[in-house]
Amino acid sequence: MRIPFSPHVLARNRETRYQVGLSLPDGQENMMGPFQANSKLVQNKSILVVDDVATSGATFNACADALLEAGAACVYGFTLARAVYSATGDADIT
């Protein structure tokens, strides 16, 4: 099975802080609208976003929003690790 890889589908509109270690609300605020997708590359396509660590899910949501806005048919996410939040809102990587 050949799955094409395209590193130029998403571009950052602005710099963001590193997500690991941010509280849930801070992580979500940090990832509000930082990406723009290339509509010529995603129009009517199914897209898989791969990320190393999922903390709040805000990075994936921001990517998915940009991809869907650019015309992607659907967006899936895959992460290698996830953060578990404690009662205080701090993240631990598992």
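Note on the range 22-87: Kirkwood hydrodynamic radius from all Cα pairs is 12.5 Å, rounded to one decimal. Taking 0.36 nm per residue of separation and subtracting the current Cα-Cα distance, fully stretching the chain between residue 8 and residue 32 would add 6.6 nm. Peptides 72-78, 59-65, 4-10, 49-55 ranked from most to least packed give 59-65, 49-55, 72-78, 4-10, packing being the mean of other C-beta atoms within 10 angstrom over each peptide's residues. This model, with +1 at the C-beta of Lys and Arg and -1 at the C-beta of Asp and Glu, gives the range 22-87 a dipole about its Cα centre of some 260 debye. A cut-off of 5 Å between modelled amide H atoms, ignoring neighbours fewer than 5 places along the same chain, links residue 35 with 13.
Amide H to amide H, with H built 1.01 Å from N, residue 82 comes under 5 Å of 54, 94, counting only residues 5 or more places away or on other chains. Across the range 33-42, rounded Karplus estimates of 3J(HN,Hα) from the backbone phi angles (6.51 cos²θ - 1.76 cosθ + 1.60, θ = phi - 60°) give x, x, 10, 10, 9, 7, 5, 5, 8, 10 Hz, Gly and Pro being marked x.
In the range 22-87, Cα pairs under 8 Å separated by at least six residues give a relative contact order of 41 percent.
No lab work stands behind these numbers, since they all come straight from the coordinates. All values reported here derive from a predicted model rather than from experimental measurement. Counting neighbours? That spans all protein chains shown, and the Cβs are built from the backbone with ideal geometry, glycine included.
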